[in-house]
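Structure, as structure tokens:
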Amino acid sequence: MNAFSDHLPAIQIIVPLLTAPLAMLLRQRGLAWAAATAASLFSFAVAVALVMTVRDVGLQSYAVGSWPAPYGIELIVDDFAALLLLIVTGASTCALLIAHTSLKSEIADDRQHLFYTAWLLALAGLSGIVVSGDAFNIFVFMEISSLATYILVAGGPKRQALSAVFKYLIMGTIGATFYLIGVGLIYMMTGTLNLADMEARIGEVSDRNPVLVAGGFITVGLALKAAVFPLHGWLPNAYTYAPHAATAFIAACSTKVYLYVLLRFDFFVFQGNLPGHIAQFSGFMLPLAIAAVLIGSGIALFEKDLKRLLAYSSIAQIGYILFGASLQSLTGLTAGIAHMFNHALAKGALFLAIVSMASACGTLTIDGVAGAARRMPYTMAAFVVASLSLIGIPGTAGFIGKWYLVVAAVELGPYGALLIAPILASSLMAVLYIWKVVESAYFGASRGGEGGDTAAAPAGSESPWWVLAVLWGAVLLNVYFGLQPELPLGLARDAATSLLAMP
Amino acid sequence: MEFLGLYNYWVFAILLMTGLYAVISRANLIKKLLGMTMFQAAVFLLYISMDKVDGGTAPIIQVGAVDQLYSNPLPQVLILTAIVVGIATLSLGLAIVVRISETYGTIEEGEIREIDEE
């Protein structure tokens, strides 16, 4: 048992990676789905086990192939990584559980096993990015997950999925290549690829300029991958035209994984070695974060398409996370990291509700869902509760992150209090754009017309019970972590403490 | 003299920017992909340039040779991986262009946008 638990960081990557070809060989869509879901559930169990180990024992380090750290590839699971693993594997599991039902209408039966293969590769890649302690290894996993994600998005039924994915591919590759240039420049100056070793050696470098350039390349490259405003161009269409279940998976975790790498580089690797680095990071990121918060929510106000509306809201939420990180304080960073978890919960639940709505609504636009609450009361109720979490109503997970953001801003003094304004404005806008959906679904006239024949109304009623069970499971987690925030907050605080190199 | 010593890095920067410019300015999707490939190839050159040790030979251990100077083999290994990643990305990109051409009947960015907006 001990031997097994020592290998957990590696098992986290290997299980989905090896199940991927298996899913391809099974060929039958039911079997491929079962294999993918089993692998994802197992990964989730491993992530939970890792969280418990990290909480009890502390940082887990794993030398791949028993090659010791600076020479071999090191896998590291600390509090931050454990939190991200929970997000990634949890999102994948929830989305997969209902993917079997929702993909029926989106992807041809004889191609679905390939879709699940790509899904598992994306899961393996994202988990790999999170656990890897080696800069180049992170690049490889980044490309594994990105290539798999392009395939997931391209699987969407509409033709726009293709042009969306082409844009995503070009921008994603540029981002990854920027990151590669940065890593190359650091390797040139330090001769190491291990993040911890890099951190120790950058200080000894006599000429800092290449490292500064590397910092720029890495930050911008990862910001592109994480859809930080104004580099978010690929995100709305990719989220909108991907198959619904895939959107639920990608939207909940992929941008957060890149933010995680971004924070690890800027805080862990560069902070202590480049004078004034964090002040520069804040000066650069804070205006972008505020712009993202305002513009993302602002555009969402005018969107008619539900998935695109939620995609723009995601851009605003990425702004919140960066906002917290750029406040340069323990509370701020804790708030940002906790918001990663809480936003993943809220946005994951919302996109799961979209999956459920898709079966009964003809088109997923604000007019398309008119009267949907009468046909599918449970789905719409779940949508409303998840929305409350997105807005940040007390008692839901979304509130915790935003509350700490406000606290962190106030801590900065009088100027900090000014920074609360965009957060509040964006939350108000969230109330408005969510209200438009709710109003249409609850009070809008069904397209069949009042008293008209019901056959003219869009076919379908409430989703099957297993879809509702997963959806409500995710929604109730939003409420649970709103009332009992100790787990994500504890992980986030310890992660922030170690990132800021505090004792 | 320092300018010439950094010859490889100048080529790297020029190739990189040429590739990026092609990605941004060309409307034809194949040309965009070509630009992207050039952009990636420039980074391969950066890695390959940095591993050269003056007077170093290929990093192969020879029997009887003492104090031999080797070039650093690690960046070459890394870039081998990156080349594979580049090929995978390019082939996926080309596959998508084929699908786009089948569905839209064009691979010009502007025309695709017009068809989408109809």
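Estimate the FRET efficiency between residue A:367 and residue A:38 by the formula 1/(1 + (r/R0)^6), using the beta-carbon distance for r and 35 Å for R0, to the nearest 0.05. Present the calculation step by step, with values, prior to reporting the outcome.
Numbers: r = 40 Å, r/R0 = 1.14.
Efficiency for this residue pair is about 0.30.
For residue A:402, go through the aspartates and glutamates and keep the ones whose alpha-carbon is under 15 Å away, minus same-chain ones fewer than eight residues off.
Answer for residue A:402, where 15 Å is the Cα cut-off: A:411, listed by chain and number.
Starting from the Cα of residue B:31, draw a straight line to each of the lysines and keep only those under 23 Å, dropping any in the same chain fewer than 8 residues away.
The qualifying lysines are A:167, A:225.
Kindly write out, for region A:129-143 in residue order, the coupling ³J(HN,Hα) from the Karplus curve 6.51 cos²θ - 1.76 cosθ + 1.60 (θ = phi - 60°), rounded to whole Hz, with x marking Gly and Pro.
4, 5, 8, 6, x, 10, 4, 6, 4, 4, 4, 5, 5, 4, 6
Give the residues of region A:289-313 whose amide nitrogen is closer than 17 Å to a point set 7 Å from the Cα of residue A:425 in the direction of its Cβ.
Under 17 Å, as judged by backbone N against the label point of residue A:425, lie A:289-302, A:313 of region A:289-313.
Would you compute, from DSSP H runs of 4+ residues alone, the mean residue ellipticity of chain A at 222 nm, taking -39500 (n - 2.57) per run and dividing by the full residue count, rounded to the nearest 500? Don't jump to the answer; show the numbers that get you there.
Working: 20 runs with 371 residues, N = 503.
One gets -25000 deg cm²/dmol as the mean residue ellipticity at 222 nm.
To the nearest whole number, what is the average tally of beta carbon atoms from other chains within 10 Å of the beta carbons of peptide B:89-96?
Mean partner shielding for this stretch: 5.
In what sequence, highest mean first, do B:82-92, A:16-26, B:50-60 appear when ranked by Cβ atoms within 10 angstrom?
For the peptides B:82-92, A:16-26, B:50-60, the packing ranking is A:16-26, B:82-92, B:50-60.
Note the angle between two axes, namely the Cα long axis of helix A:414-443 and the longest principal axis of the Cα atoms of chain A, as a number of degrees from 0 to 90, rounded to the nearest 10.
Result, in degrees: 30.
Give the order of A:89, A:365 when sorted by the count of other beta carbons within 10 angstrom, beginning with the fewest.
Details: A:89 28, A:365 18.
With the fewest neighbours first, A:89, A:365 line up as A:365, A:89.
Tell me, in nm to one decimal, what length is gained between residue A:302 and residue A:204 on full extension, where the rule is 0.36 nm per residue of separation less the Cα-Cα distance? Write out the running numbers ahead of the final one.
Values: separation 98, 0.36 × 98 = 35.28 nm, distance 5.20 nm.
The residue A:302-residue A:204 span can extend by a further 30.1 nm.
Once you keep just the Cα pairs under 8 angstrom separated by 6 or more residues, what percentage relative contact order results for region A:67-176?
28
Over the whole of B:47-54, what's the average partner chain Cβ count within 10 Å per residue? Rounded to a whole number, please.
Values: counts 6, 0, 2, 6, 2, 0, 0, 0.
Per residue, the number of nearby Cβ atoms from other chains is 2 on average.
Put a dot 7 Å past each Cα toward the Cβ at residue B:62 and residue B:9; how far apart are the dots in nm?
Between residue B:9 and residue B:62, the label points sit 3.1 nm apart.
What percent do you get for the relative contact order of region A:164-225 when only Cα pairs under 8 Å and 6+ apart count? Please list the in-between numbers first.
Working: 59 pairs, mean separation 32.7, N = 62.
Relative contact order, region A:164-225: 53 percent.
Which of the aspartates and glutamates could be linked to residue A:307 by a straight reach, that is with a Cα gap under 19 Å, when you skip same-chain ones fewer than 8 residues away?
Within the straight-line limit of under 19 Å, residue A:307 reaches these aspartates and glutamates: A:106, A:367, A:439, B:116, B:117.
For chain B, what is the charge dipole size about the Cα centre, in debye to the nearest 20, if Lys and Arg each add +1 at the Cβ and Asp and Glu each add -1 at the Cβ? Intermediate values should be presented prior to the final figure.
Numbers: 6 positive and 12 negative charges, 67 e Å.
Rounded to the nearest 20 debye, it is 320 debye.
What distance in nm separates the two pseudo spin-label positions at residue B:70 and residue A:486, each 7 Å out from Cα along the beta-carbon direction?
In this crude spin-label approximation the distance works out to 5.4 nm.
Using a Förster distance of 30 Å, how high is the FRET efficiency between residue B:81 and residue A:48, based on the Cβ-Cβ distance and rounded to 0.05? Could the numbers behind the result be given before it?
On the way: r = 32 Å, r/R0 = 1.06.
Working from the Cβ atoms, E equals 0.40.
Going toward the positive end of the dipole of chain B, with +1 on Lys and Arg Cβ and -1 on Asp and Glu Cβ, which of B:41, B:23, B:97 do you reach last?
Ranked along the dipole, the leading option is B:41.
Order of B:24, A:420 from fewest to most other C-beta atoms within 10 Å?
B:24, A:420
Bear in mind that the values in this text are calculations on the coordinates, not laboratory data. All figures in this text were calculated on a predicted structure; none of them were measured in a lab. Positions of Cβ are generated from backbone atoms using ideal geometry, with glycine treated the same way; all protein chains shown enter the neighbour counts.
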